[in-house]
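The values are calculated or read from the model by the stated rules, or taken from the named source; none is laboratory data. Computed from a predicted structure; not experimentally measured. All Cβ positions, even for glycine, are placed from backbone atoms using ideal geometry, and neighbour counts span all protein chains on display.
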Amino acid sequence: MLGEIGLSRKITYAEAGVDRKLRAKSKKELQVLKNTYKFSRFGKIVKLPYGNIFPFGKNRCLDFQIEGVGTKVLLAQLAQKYDTIGIDGVAMVVNDVIRSGARPFALVDNIHAQVSDPNLVKEWLKGIAKGAEESECVVPGGEIGDVAELIKGLVEGKGFDMIVAAVGEVDSEKVISGRNIEAGDAIVGLRSSGIHSNGITLARKVLFKQWGGKYEPHDIPETLQKEVIFEALEPTRIYVKSFLKATEKFEVKAAVHVTGDAYLKFERLTRFSKGIGFEFDNFKPQPIFELIQRTAADLGGAVTDEEMFKTFNMGWGFAIIVNKANVDNVIEALEKSGTHAEQIGRITRTEGIRILKKNKKLILT
C-alpha cells in the first residue's frame, strides 16, 4: 500500500496545473443552459447525479455524453504510439453513459490535429474502432480539423486533441437515479487497468523528464514490468458489457465512473440521497500509483495519500452501489462477464468520505 511521505513540499494536482476548485466554480456557469430545457420535445429533463438525461419517445430516455482524453495525448506523442489512445476516448464517454443504466449505441469523434496525416489518422481510428467494438457502438461519423495554430504538442506534425461523444438509451422505468441509497449498502469496485485517463497532468510532471520528472520514457523502474511510458499509456478499461449484464439481474442504486476528482465524485450522490456518507477500506493500486508517490519523494516533494485519492482511481475505475444482501451475487455476475470486482466500501450514516488505510483514516470531505 502507499506509504506516507513526510516531506514539507506537497505536490498537488492544482500545482501541476489542474485546479479542481476553479473547475468546480466554472461548472456552475452551466446553469445558463437550463434555458434550453424548454425545447425537450417529449417531457422534462431527468436530473441525475452526474448529468441529465432526456425523454425521447414513449418510455425511453437518451443519455448523451461527451468526453476527452486530456493530456494523455502527450503520452501518446512521447511514446510515438497512437493506436490505443482512441480506446481511451471511447472508454471515457461510454463509461459515463452507462452510469444511468443506458446502453450506448452510437458515438462520434472530433479530433483537432496539427496536421491530419493519413498514417496518423489511421492509427487514431484503430483505437476508436476497437473501443466501439468493445462497447458495441456504431460510429456513423466524426470530424478531423486541421488547426495547427491551436494544436502543437511535443512532435512537429503530430499534435492533436481527441474528443468523443456517445449516446445511449434506457427504459424510463430502469433509470439508475441514485435516489434510494441508504446506510448499509455496499460499494463494489470494478478493477481499473491502471491510471486510465485522469490525473495524467500530475503523473507526467512527476514521472517523466520531459516535464521535469525523473524517468526517460523507456526506463523500467524496478516495480514495473514494462517501460514507464507504456504503463502510463495503458488504455482505459471499458465496463459496458459487464456492468449492463449485472443491471439486468440486480438492482443497482448508483454507479460512479471514478475519473476526475476520483473518490470526491461520490459526494455528488448526496444531492439525491441525503444523510449518507462513504467509507472505503479495500484498495489494491497498481504499481504505477506507488511509483508516483515514491518518485515525488525522490524529487524532494510529496504527493500525500489524500491527494492520491482525490486525483487517481487507485485500482478501481468504476463503482456501483447495491443492497448489501446482493453484493456477493453482483460480484459473481461481474466476474463471469470478465471484470474483476470486489466490495471496496459501504454507505454509512456518518456524512463525508473516509478512506481507511491500515491504521490510518483519511478524511476527504
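The residue of the range 58-94 that is surrounded by the fewest Cβ atoms within 10 Å (Cβ to Cβ), among those that are of a type in the set (D, E, K, R) and in contact with a Lys or Arg (Cβ under 7 Å, 6 or more places away or on another chain), is Asp83.
The single condition from (1) buried (at least 18 other Cβ atoms within 10 Å of the Cβ); (2) at pLDDT 95 or above that Lys158 fails is (2).
Screening Asn119, Asn110 for residues that are out of contact with any Phe, Trp or Tyr (no Cβ under 7 Å at 6 or more places or on another chain), in a helix (DSSP H, G or I) and either surrounded by fewer than 21 Cβ atoms within 10 Å (Cβ to Cβ) or not small (Gly, Ala, Ser) (or both) leaves exactly one candidate, Asn119. Condition (residue is out of contact with any strand residue (DSSP E or B) (no Cβ under 7 Å at 6 or more places or on another chain), outside any loop (DSSP other than H, G, I, E, B) and either modelled with pLDDT of 95 or more or of a type in the set (S, T, N, Q) (or both)) applied to the range 4-24: is it met by at least one residue? Checked the range 4-24: no residue is out of contact with any strand residue (DSSP E or B) (no Cβ under 7 Å at 6 or more places or on another chain), outside any loop (DSSP other than H, G, I, E, B) and either modelled with pLDDT of 95 or more or of a type in the set (S, T, N, Q) (or both).
Consider only pairs whose beta carbons are under 7 Å apart and that are at least six residues apart or on different chains; among these, list those whose first residue lies in the range 328-343 and is under 12 Å from Gly189 (Cα atoms) and whose second residue is of a type in the set (S, T, N, Q) and assigned to a helix (DSSP H, G or I). Close Cβ pairs (under 7 Å, with a partner that is of a type in the set (S, T, N, Q) and assigned to a helix (DSSP H, G or I)) amount to Leu334/Ser242; Thr339/Ser242. Only residues that are in contact with an Asp or Glu (Cβ under 9 Å, 6 or more places away or on another chain), surrounded by fewer than 16 Cβ atoms within 10 Å (Cβ to Cβ) and not in a strand (DSSP E or B) were counted across the range 350-365, and they come to 2. Of the residues in the range 253-268, how many are surrounded by fewer than 21 Cβ atoms within 10 Å (Cβ to Cβ) and aliphatic (A, V, I, L, M)? Number satisfying all stated conditions: 1. Residues in the range 145-177 that are in a loop (DSSP other than H, G, I, E, B) and over 28 Å from His112 (Cα atoms): 3 in all.
Look at the range 9-37: where a residue is closer than 29 Å to Asp298 by Cα and a partner is among the basic types (Lys, Arg) and loosely packed, with under 11 Cβ neighbours inside 10 Å, sitting 6+ places away or on another chain with Cβ atoms under 8 Å, you get Ala14/Lys21.
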